[in-house]
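Reading through the structure tokens given below for one structure.
No value in this document is a laboratory result; all are computed from the given coordinates. Computed from a predicted model, the values in this text were never measured in an experiment. Because the Cβ atoms are built from the backbone with ideal geometry, glycine has one as well, and the counts that use them run over all protein chains shown.
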Amino acid sequence: MTGAAAKTGKEGHAEIPVPSRAGHPREAPQGDGRRDGAKQGLAAATQTWSEAQSAAQSGNFADAVAKANTVKEKAISVMQSLGLTPHLAATGG
């Protein structure tokens, strides 16, 4: 025997080659633009949400609501970029 079948483990069992998961249909390839864009959108939305909370805590409710609406719009944009359909209540429809 040659190759992977000829190798044996400590108990004498032949090693079975494990196929790579690269190209698996449920996994996005490295550098997938949609996934990268979604991560960036989430980071921006998280930062803006923190700003909205700070504005609300300091009593600046107009700014807090404006920032919260920006987070909502960003979330809708990210969902759409991933091919997801936002709920009608989120889109105002």
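In table form, for the structure just shown:
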read-out: Distance in nm between pseudo-label sites at E73 and S58 (7 Å out along the Cβ direction from Cα); value: 2.1
read-out: Spin-label model distance (nm) - A44 vs L84, 7 Å beyond Cα toward Cβ; value: 1.7
read-out: Inter-site label distance for E51 and V65 at 7 Å from Cα along Cβ, in nm; value: 1.9
read-out: Largest-first principal axis extents of the Cα set of the stretch 46-85 (Å); value: 37, 15, 8
